[in-house]
Amino acid sequence: MNNGRHDNQHLTRREWLKKLAGTAAITPLLGWNRPYVSQQAGGHGHRQLPPAPASTFSEQDDAFLNDLEAANFRYFWEQANPDTGIVRDRCNVRNPDNSDLGSIASTGFGLTAICIGEKRGFISRAEAKERVLNTLRFHWRKLPNHRGFFYHWANIHTGERLWDSEVSSIDTAILLCGMLTCRQHFDHSEISMLALDIFNRVDWSWLSEDTSILPHGWRPESGFMQYRWDNYSEMMMMYLLGLGSETHPLPPESWNAWKRTTFEYDGIRFIGSFAPLFVHQYSQAWFDFRGKRDHYTDYFRNSVIATDVHRRFCIDLAGQFSDYSDDLWGITASDSARGYVVWGGPPSTGPIDGSVVPCAAAGSLPFLQNSVMRVLHTVKERYGNGAWCQYGFVDAFNPLTNWYDHDVIGIDTGITMVMVENARSGFVWDTFMKNPEAQRGMMRAGFQSFPALELQDRNPASYPEPLGQSDPKSGQ
């Protein structure tokens, strides 16, 4: 994914992260790539782990979230070409914006948004079907691809490759998640056929031809990109989709090839990679990890912990930035007054300056409901004159300097809308997980359920031990 524009517009979001990795204070605490379940570190019991996520909202909260989703949906409906379905990467909400720059990741979120919008009554079923059909037909017949993978950036009107962009593995995965959601939501033979044809065309075996660690992408001018998806992050969806393919599947060992590095903050350990909070959110927008774990950990619980740790990290910065509090926190890759920044924590990454990124908290609503709702209400009620627009929240703002972004970004609006809906109803999880490809991918990755545990009553501190203590790579 990428929103980087300005002087670094040709870097993907992950290239930004890799550049930062050399300077950020990121220190692994435990051995990587072995079975592990996140737990509170011994000897540091002065803070408790967050409570189990709730799944009920007050009438007031639910009405607020419905308004937020309706505004988010408007972005994906209005900022897409209705004939191609390609969604703009971003939109200036203060001045007229005629940008032709589309993003296949934004389009994946947009397809999911159409399903939500139809379910919530924001548009009719006939309107939704027509837009989805136009999108799938164009992507199947006309949008340039290589081995089924799509170019990261495309002209929203013509589908032409822009910015010499890469054929992107992760952005194609996000697009596929949106298409597979439509496949299950609409009882329509052509939608189902096109979504499956596009999915089956993706040649995961080409991407993994000489490695179990998948590359970020490929360019016709230079071949495969040097960076690889080698550590826990938003890429879990990509590996699971590849494992779930019947036509060009990834080998089963690919799920065990990437690292699960652990970090510690304030006595609490969790699996992570880089600091921005989105790495814990994106795969879980579609794949339902609740009540399931592989040989390593429970990733849903891990995201609960990572979100709460990030909340604490921001509050601990209040001595430097007085706006951060239990009512206002959340930093993830976003715009800033100085341009696009990949920032977050812990560990502290990027030139943090007191800015707040609403999608950082909103994208974690299923993980930490009460704490996130406090933030969303605060942003809307206290800073709404600058931070709220016709599409929901602007991408970022800084109360200390009175800076408010003029842009809304597709993928940040998307993660907000999808996770709000998941927190309210579980709709996207329930719909997407009906796909045999999603079920097959998780089965091949070794996921098992916790049948004895009721999701509503689980406390993260009392989860069962790992299913197995051996490293699947070792064969023991």
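The values are calculated or read from the model by the stated rules, or taken from the named source; none is laboratory data. Just so we're clear, the structure is a prediction, and the values are computed from it rather than from any experiment. Glycine also receives a Cβ, built like all others from the backbone with ideal geometry; neighbour counts cover every protein chain displayed. Remember, those area values only see protein heavy atoms, side chains included, never the ligands or the DNA or RNA. Shrake-Rupley method; radii C 1.70, N 1.55, O 1.52, S 1.80 Å.
Observations on the structure shown:
- Number of residues in segment 335-371 that are open to solvent by less than 10 Å² (accessible area, probe 1.4 Å) and either without any contact (Cβ under 8 Å) to a residue 12 or more places away in the chain or on the phi > 0 side of the Ramachandran plot (or both) equals 4.
- Subset of segment 336-349 [under 17 Å from the mean Cα position of the chain (by Cα), of a type outside the set (A, V, I, L, M) and assigned to a loop (DSSP other than H, G, I, E, B)]: Trp343, Gly345
- Among the residues of segment 358-394, those identified as touching an Asp or Glu at 6+ places or on another chain (Cβ under 7 Å) and part of a loop (DSSP other than H, G, I, E, B) are Leu368, Val394.
- When restricted to residues that are part of a loop (DSSP other than H, G, I, E, B) and in contact with an Asp or Glu (Cβ under 8 Å, 6 or more places away or on another chain), segment 163-177 contains 1.
- Once segment 206-263 is narrowed to residues that are part of a strand (DSSP E or B) and among the charged types (D, E, K, R), the residue that is nearest to Asp294 (Cα to Cα) is Lys259.
- Unmet criterion (only one of (1) of a type outside the set (A, V, I, L, M, F, W, C); (2) over 23 Å from the mean Cα position of the chain (by Cα); (3) modelled with pLDDT under 95; (4) open to solvent by 50 Å² or more (accessible area, probe 1.4 Å)) for Gln60: (3)
- Some residue of segment 300-318 being modelled with pLDDT of 95 or more, assigned to a loop (DSSP other than H, G, I, E, B) and either crowded, with 23+ Cβ neighbours inside 10 Å or not hydroxyl-bearing (Ser, Thr, Tyr) (or both): yes
- Considering each residue of segment 334-355 in turn, none proves to be among the charged types (D, E, K, R) and farther than 17 Å from Asn402 by Cα.
- Search result, residues across segment 209-234 that are open to solvent by 30 Å² or more (accessible area, probe 1.4 Å) and free of Cβ contacts under 8 Å to residues at least 12 places away in the same chain: Glu209, Asp210, Ser222, Phe224, Gln226
- Count of segment 416-444 residues which are out of contact with any Asp or Glu (no Cβ under 9 Å at 6 or more places or on another chain) and more than 14 Å from Ile114 (Cα to Cα): 9
- Test: residue in segment 244-256 that is modelled with pLDDT of 95 or more, over 30 Å from Thr135 (Cβ atoms) and open to solvent by 20 Å² or more (accessible area, probe 1.4 Å): yes
- Of all residues in segment 61-75, those that are in contact (Cβ under 8 Å) with a residue 40 or more places away in the chain and more than 14 Å from Trp388 (Cα to Cα) total 4.
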